[in-house]
Amino acid sequence: WKVIETPGVRRRHSLLLISARGARVLADWHGDDPRAYVERSHDARDHCWHATHDLEANQFFVAMIMQSRQRKDEGLLVWYGEEHVRAERRTTAREYKSPVPTPDGCGVYLAAGGRILFDLEWDRATESLARLRQKIGSYVGHFEHYRDAELHHVLFVVPTDDREDKLQHTIWRERPRFGHDSCCSFWTTTAYRLRDWGPLGAIWLPVEIRATEAPP
């Protein structure tokens, strides 16, 4: 599995994908209709180039589960992957005829007797800031239809401090343009903070605090 990473190409562990025939065997083993299994095998084949991104995003939720084991009466209640969320929000998009945000996962975390709803955006700096502006706009447009939208949190994990500064400023600058009273809450952190302190650490920065002036 050759992966292009600066300054060149290096080889990672082998990446194995289930074939359509293997998917049918698995479906037969479970006594299920093979069509859904085969479709997922095709999706895995078509999106295998994003495997690094997907594995890192999934690891975020695994780390949250592991870290919460040390806390009493807390834990991840629900974890949905990207494909599940995309299918669910397509229905809303057709109803309201608006762009649909497709996060890399979403979850519900139980804490202090309440629920924290969040979407995860795992950023590897492969998208332009213009693309991120479009993504932010789709979140605002989507959650304007929700009561108490500010209680839904969008978590961005970025690779560097510089990327975080630019993202924070982009969200801070763009939000007034949307003109909606009801909006989700945006938070950012870096991959190295996440690695050192875990997803439940005091590592998340709300947009309103960080971006007070344009980055150099």
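Which percent of the accessible heavy-atom area of the chain goes to carbon and sulfur, probe 1.4 angstrom? Before the final figure, lay out the partial values.
Numbers: 7240 of 13600 Å².
So the carbon and sulfur contribution to the accessible surface is 53 percent.
Taking every DSSP beta bridge with both residues inside the chain, roughly what % is antiparallel (nearest 5)?
The answer is about 60 percent antiparallel.
Over the C-alpha atoms of region 40-92, what are the Rg and the largest Cα-to-Cα span, Dmax, in Å?
14.2, 41
What shape does region 46-154 have by the C-alpha gyration tensor, where a ≥ b ≥ c are the square roots of the eigenvalues, rounded means a/c under 1.5, and otherwise prolate means a/b greater than b/c and oblate the rest?
Values: a/c = 1.95, a/b = 1.22, b/c = 1.60.
Since a/c reaches 1.5 but b/c is at least a/b, the shape of region 46-154 is classed as oblate.
So how do 165-173, 143-151 stack up, highest first, on mean other-Cβ count within 10 Å?
In descending order of packing, they fall as 165-173, 143-151.
Around Ala23, under 9 Å between beta carbons, what's the net of Lys plus Arg minus Asp minus Glu among the other residues? Let's see the in-between values first.
On the way: positive: Arg21, Arg24, Arg40; negative: Glu39.
Its environment carries a net charge of +2.
How far apart, in nanometres, would the label points at Ala51 and Arg94 be if each is projected 7 angstrom from Cα along the Cα-to-Cβ direction?
Placing both labels 7 Å beyond Cα along the Cβ direction yields 3.4 nm.
Please build a GNM for the chain, connecting alpha carbons under 10 Å apart, and tell me which residue among Gly31, Gly105, Gly141 fluctuates the most.
Answer for the Gaussian network model of the chain: Gly31.
Mind jotting down the three principal axis lengths of region 100-212 based on Cα atoms? Whole angstrom, largest first.
Per principal axis, max minus min of the Cα coordinates gives 38, 36, 26 Å.
For region 32-73, list residues with backbone N below 20 Å from a point placed 7 Å from the Cα of Arg195 toward its Cβ?
51-67
How large is the translational diffusion coefficient of the chain in µm² per second when you combine the Kirkwood radius over alpha carbon pairs with Stokes-Einstein at 20 °C and 1.002 mPa s?
D = 112 µm²/s.
So how many Å³ per residue does the convex hull of the Cα atoms of region 121-166 work out to? Please list the in-between numbers first.
Values: hull volume 3.4 nm³, N = 46.
Residue-normalised Cα hull volume stands at 73 Å³.
At a threshold of 8 angstrom on Cα-Cα distance, excluding pairs fewer than six apart, so keeping six or more, what relative contact order does the chain reach in percent? Don't skip to the end; give the middle numbers.
On the way: 298 pairs, mean separation 31.0, N = 216.
For the chain, the relative contact order is 14 percent.
Could you sort 50-63, 33-46 so that the peptide with the highest average Cβ count within 10 Å comes first and the rest follow in order?
Ranked by mean Cβ neighbours within 10 Å, highest first: 50-63, 33-46.
Calculated from DSSP H runs of 4 or more alone, at -39500 (n - 2.57) each and per residue, what is the 222 nm mean residue ellipticity of the chain, nearest 500?
Numbers: 8 runs with 101 residues, N = 216.
The helix contribution divided over the chain gives -14500 deg cm²/dmol.
Once both labels are modelled 7 Å past Cα along the beta-carbon direction, what's the His13-Asp161 spacing in nm?
So the two model labels end up 3.3 nm from each other.
Report the extension gain between Leu151 and Val62 in nm, rounded to one decimal, defined as 0.36 nm multiplied by the number of residues separating them, less their alpha carbon distance.
So the extension gain works out to 29.7 nm.
The values are calculated or read from the model by the stated rules, or taken from the named source; none is laboratory data. Fair warning: this is a prediction, and the values are worked out from it, not measured in the lab. Neighbour counts are summed over all protein chains in view; Cβ atoms, including those assigned to glycine, are modelled from backbone coordinates with ideal geometry. The protein model used for the area step is the full one, side chains on, heavy atoms only, and it has no ligands, DNA or RNA in it. Shrake-Rupley method; radii C 1.70, N 1.55, O 1.52, S 1.80 Å.
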